[in-house]
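The values are calculated or read from the model by the stated rules, or taken from the named source; none is laboratory data. Nothing here was measured: the structure is a model prediction, and the numbers come from that model. Neighbour counts are summed over all protein chains in view; Cβ atoms, including those assigned to glycine, are modelled from backbone coordinates with ideal geometry.
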Amino acid sequence: MLEDLSISWSRWFILILIIVGIFLLIEFIIKVVERNTHKGYFSSNTIKNLRKCRILMEPIGIGIIAITFALINPVVHGLLILISLALAYIPFRNYFTGHLLLLNDAFSEGERIKVNANEGVIDKIGRLGLTLQIKEGVRFINYTSLINDGFTKMEGERLEGINFLQIIPPEKMEDKSLDRLRDRLFACPYIDWFYPPEIKVVDQPNQQIAYKARLRVRQDQHLKYLMQLLEDWGYQCRPII
């Protein structure tokens, strides 16, 4: 009976290629949509849905690959998978817990949260945990701790050193693209490039192009100089929380 369920190595490798191809296609579509959002072709909800599709696709694809690997030789390979799950239980738990959290729109990079005594801004979201930018530095927190200890989304003043800006290009500007803004900021001496700025397109009710930037300046007074520089380039700029 187990022999009837088994598959060949060739079919397994073909299946891997198909899953990887689908994942790369989703990645490519996301990049295309992100580049054209400011032109009004796509809404921010389209990007969110595509990102959620990518989040779901990864663990589902890994699960399918693992199950079909076991079917190549159910006894031997099934035992290998069980041993792997037992030895790497904590990383696997963090991985799948993290993907469930990422489906929550309130849980994203740039959000300010509090986990126990650690309060800061989410700097990076990885597969096994997140990097929280706090006043004392950077702290890694795994997803299991987030589930066990819980976290609170904070409102109010920004964390020291982390700045959020709304940047709006003028109507008469020829190149309003996100790439053009990034290129200009790359030469800016006020930005702390140890923490590369993150700039996203935000929806405006009047269909005007606007960007939300999360960045860190070298010194507190540099924020004023940066905003003045953006205004000299023709952009409208204001701090936001």
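The single residue among Gly156, Gly161, Gly137 that is surrounded by 13 or more Cβ atoms within 10 Å (Cβ to Cβ), modelled with pLDDT under 80 and among the small types (Gly, Ala, Ser) turns out to be Gly161. The criterion of at least 3 residues that are touching an Asp or Glu at 6+ places or on another chain (Cβ under 8 Å), modelled with pLDDT of 80 or more and closer than 30 Å to Val202 by Cα is met by none of the helices (runs of 4 or more DSSP H) wholly inside region 1-74. Criterion applied to Cys188, Cys237 was being part of a loop (DSSP other than H, G, I, E, B) and surrounded by 12 or more Cβ atoms within 10 Å (Cβ to Cβ), and the one residue passing it is Cys188. The one condition from (1) out of contact with any Lys or Arg (no Cβ under 7 Å at 6 or more places or on another chain); (2) at pLDDT 80 or above; (3) over 29 Å from Leu101 (Cα atoms); (4) of a type outside the set (A, V, I, L, M, F, W, C) that Arg214 does not meet is (3). Scanning region 111-127 for residues that are in a strand (DSSP E or B), touching an Asp or Glu at 6+ places or on another chain (Cβ under 8 Å) and not acidic (Asp, Glu) turns up Arg112, Ile113, Val115, Val121, Ile122, Lys124, Ile125. Only residues that are farther than 11 Å from Gln208 by Cα and either part of a loop (DSSP other than H, G, I, E, B) or not assigned by TED's automatic domain parsing to the domain that holds Ala213 (or both) were counted in region 166-180, giving 5.
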